[in-house]
1. What does the charge dipole of the chain about its Cα centre add up to, to the nearest 20 debye, if the Cβ of each Lys and Arg holds +1 and the Cβ of each Asp and Glu holds -1?
2. Return a single number: how many Lys pairs in the chain, at a sequence separation of 8 or more or on separate chains, have alpha-carbon atoms below 13 angstrom apart.
3. Tell me which residues come under 5 Å, amide H to amide H, from Val74 once H is placed; ignore anything under 5 positions away on its chain.
4. Can you tell me which of Leu39, Leu18, Leu68 moves the most in a GNM of the chain? Springs connect C-alpha atoms under 10 Å apart.
5. For Thr46, list long-range residues whose amide hydrogen, built 1.01 Å from N in the peptide plane, is under 5 Å from its own amide hydrogen.
6. Can you pull the percent of the chain's accessible area that's carbon plus sulfur, 1.4 Å probe, other chains left in place?
7. Suppose the Debye formula is applied to equal point scatterers at every Cα of segment 29-88; what is log10 I(q)/I(0) at q = 0.21, 0.24 Å⁻¹?
8. Rounded to the nearest 0.05, what FRET efficiency do Gln122 and Glu5 give with R0 = 25 Å and r taken as the Cβ-Cβ distance? Could you check?
Amino acid sequence: MLADEQKFWGVWGQANGLYSAYAASKNINYYLLFVLYGLEGQKAMTQKKICICTGLAKQTVNSVIRSLKKDGYVELAPGMEDRREKQIILTEKGAAYCRELITPLRELEHRVLRIMGSERVQQMIDNIALFNTLFEKEMGREV
């Protein structure tokens with residue numbers, strides 16, 4: 001492995017670890033954190049969209065959604081375009097839960113991004129987007 005690859009995986013792992021630590025500090029798991037993060041920003045999403053936005057497996061998202069539904073944080077409604085596809089919608093209780101968990105995380109992220117400055121943030125976005133594009137392209141060659 002190249003030194004740059006080790007550094008990349010080190011910082012990637014550290015970022016994931018920080019989000020895991022945040023979730024643990026709120027007594028929730030990492031998967032629940034990211035499902036709520038997506039729902040809080042969108043208010044209603046399909047399971048498929050949550051999977052795409054979070055990178056989580058369908059089974060994982062389904063399990064989290066079932067748990068949220070059981071606890072009264074979300075309800076399911078028929079999709080607007082395809083009624084077989086269910087919209088996952090935050091209840092009032094779910095929206096309050098998200099505010100309690102996600103608002104402090106978003107505020108933390110905003111503070112960090114302001115400290116970094118817009119130029120560095122844009123470079124980070126551009127570099128991650130480039131990595132994702134190239135990774136997807138190269139992965140397609142192997143499949």
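1. In debye, rounded to 20, the chain gives about 480.
2. Value for the chain: 8.
3. Close amide H contacts, sequence-distant or interchain: Lys69, Thr91.
4. Leu18
5. Ile88
6. 56 percent
7. The Cα Debye sum returns log10 ratios of -0.75, -0.99.
8. Computed FRET efficiency for Gln122 and Glu5: 0.55.
The values are calculated or read from the model by the stated rules, or taken from the named source; none is laboratory data. In this text, all values refer to a predicted model and were calculated from it rather than measured experimentally. So basically every Cβ, Gly included, is an ideal-geometry build from the backbone, and we count neighbours across all protein chains shown. Remember, those area values only see protein heavy atoms, side chains included, never the ligands or the DNA or RNA. Shrake-Rupley method; radii C 1.70, N 1.55, O 1.52, S 1.80 Å.
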